[in-house]
Amino acid sequence: MLDYTKETKLNVKSAVEKLTEDLKANKWGVLSVIDVKKIMAEKLNIESDDYIILDVCSPGLAHQGLSINKQIGMILPCKIIVYSDKGKTKISLYKPTVALSTASSLPGYDKLSKLAREAEEGLVKVIDLQ
């Protein structure tokens with residue numbers, strides 16, 4: 001499965017705020033927030049549902065991964081989306097283990113796989129708090 005998705009009772013804005021707080025409390029940081037709805041409205045004059053992309057990172061895990069193989073940066077940071085779908089708010093994680101599986105030829109892949117599993121477990125734990 002490509003993703004881990006959970007429905008929340010929060011609206012998109014509140015879910016992003018709570019998720020950001022919970023990530024920080026678990027030693028993750030939000031590097032960027034991309035408001036897709038706003039961009040579509042500004043660039044294409046299209047109205048769409050709320051849709052936020054979060055680039056998230058655990059500095060400790062990222063440092064370990066980059067120490068194993070600098071090319072791991074091609075799949076960093078981790079991606080979480082928070083969006084409205086038919087009136088419901090959903091949170092989806094692009095699983096780090098799936099992202100890494102595309103780079104199985106990288107030297108150090110076995111060690112990187114362990115880090116990807118650790119990242120995924122940590123992010124799922126935070127998403128489950130929502």
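The values are calculated or read from the model by the stated rules, or taken from the named source; none is laboratory data. Only a predicted model underlies this, so the values are computations on that prediction, with no experimental measurement involved. Methodologically, a virtual Cβ is constructed for each residue, glycine included, from the backbone with ideal geometry; neighbour enumeration extends over all protein chains shown.
Of the numbered conditions (1) in contact (Cβ under 8 Å) with a residue 24 or more places away in the chain; (2) outside any helix (DSSP H, G or I); (3) farther than 15 Å from Val126 by Cβ, Ala99 satisfies every one except a single condition; which is it?
Ala99 satisfies all of (1) in contact (Cβ under 8 Å) with a residue 24 or more places away in the chain; (2) outside any helix (DSSP H, G or I); (3) farther than 15 Å from Val126 by Cβ except (2).
Here's the yes/no breakdown for (1) within 21 Å of Lys27 (Cβ to Cβ); (2) touching a strand residue (DSSP E or B) at 6+ places or on another chain (Cβ under 9 Å); (3) acidic (Asp, Glu); (4) at pLDDT below 95:
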{"site": "Gln64", "(1), (2), (3), (4)": "yes, no, no, no"}
{"site": "Ser67", "(1), (2), (3), (4)": "yes, no, no, no"}
{"site": "Cys78", "(1), (2), (3), (4)": "yes, yes, no, no"}
{"site": "Ser84", "(1), (2), (3), (4)": "no, yes, no, no"}
{"site": "Lys88", "(1), (2), (3), (4)": "no, yes, no, no"}
{"site": "Ile91", "(1), (2), (3), (4)": "yes, yes, no, no"}
{"site": "Thr97", "(1), (2), (3), (4)": "yes, no, no, no"}
{"site": "Tyr109", "(1), (2), (3), (4)": "no, no, no, no"}
{"site": "Arg117", "(1), (2), (3), (4)": "yes, no, no, no"}
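Please go through the range 109-130 and give me each residue that is surrounded by 16 or more Cβ atoms within 10 Å (Cβ to Cβ) and in a loop (DSSP other than H, G, I, E, B), ordered by number.
Gln130
Give me the residue from the range 102-129 that is of a type in the set (A, V, I, L, M) and in contact (Cβ under 8 Å) with a residue 60 or more places away in the chain and, out of that set, farthest from Leu76 (Cα to Cα). Break it down into steps so the answer makes sense when it comes.
So the first thing to find is which residues in the range 102-129 are of a type in the set (A, V, I, L, M), and the list is 103, 106, 112, 115-116, 119, 123-124, 126-127, 129.
Filter once more, so that each one left must be in contact (Cβ under 8 Å) with a residue 60 or more places away in the chain: 119, 123-124, 126-127, 129.
Numbers: Ala119: 11, Leu123: 14, Val124: 17, Val126: 18, Ile127: 19, Leu129: 23 Å.
The qualifying residue farthest from Leu76 (Cα to Cα) is Leu129.
Condition test on Thr5, is it outside any helix (DSSP H, G or I), among the polar types (S, T, N, Q) and in contact (Cβ under 8 Å) with a residue 24 or more places away in the chain? Before you say what the answer is, go through the steps one by one.
Numbers: outside any helix (DSSP H, G or I): yes; among the polar types (S, T, N, Q): yes; in contact (Cβ under 8 Å) with a residue 24 or more places away in the chain: yes.
So Thr5 fits the description; yes.
Checking Ile81 against (1) closer than 20 Å to Met1 by Cβ; (2) outside any strand (DSSP E or B), only one condition comes out false. Which one?
The failed condition is (2).
Applying the selection to the range 32-73, what residues are over 20 Å from Thr97 (Cβ atoms) and outside any helix (DSSP H, G or I)?
Residues satisfying the conditions are Ser32, Val33, Ile34, Asp35, Asn45, Ile46, Glu47, Ser48, Asp49, Asp50, Tyr51, Ile52.
Out of everything in the range 31-52 that is within 16 Å of the chain's Cα centre (by Cα) and crowded, with 17+ Cβ neighbours inside 10 Å, what residue ends up being nearest to Glu118 (Cα to Cα)? If you could, list the steps in order and put the result at the bottom.
Residues of the range 31-52 within 16 Å of the chain's Cα centre (by Cα): 31-36, 51-52.
When the remaining residues are screened for being crowded, with 17+ Cβ neighbours inside 10 Å, the result is 51-52.
On the way: Tyr51: 27, Ile52: 24 Å.
Across the range 31-52, the extreme among qualifying residues is Ile52.
Which residues, taken from the range 77-93, are surrounded by 17 or more Cβ atoms within 10 Å (Cβ to Cβ) and either closer than 11 Å to Ala119 by Cβ or free of Cβ contacts under 8 Å to residues at least 24 places away in the same chain (or both)?
Pro77, Cys78, Leu93
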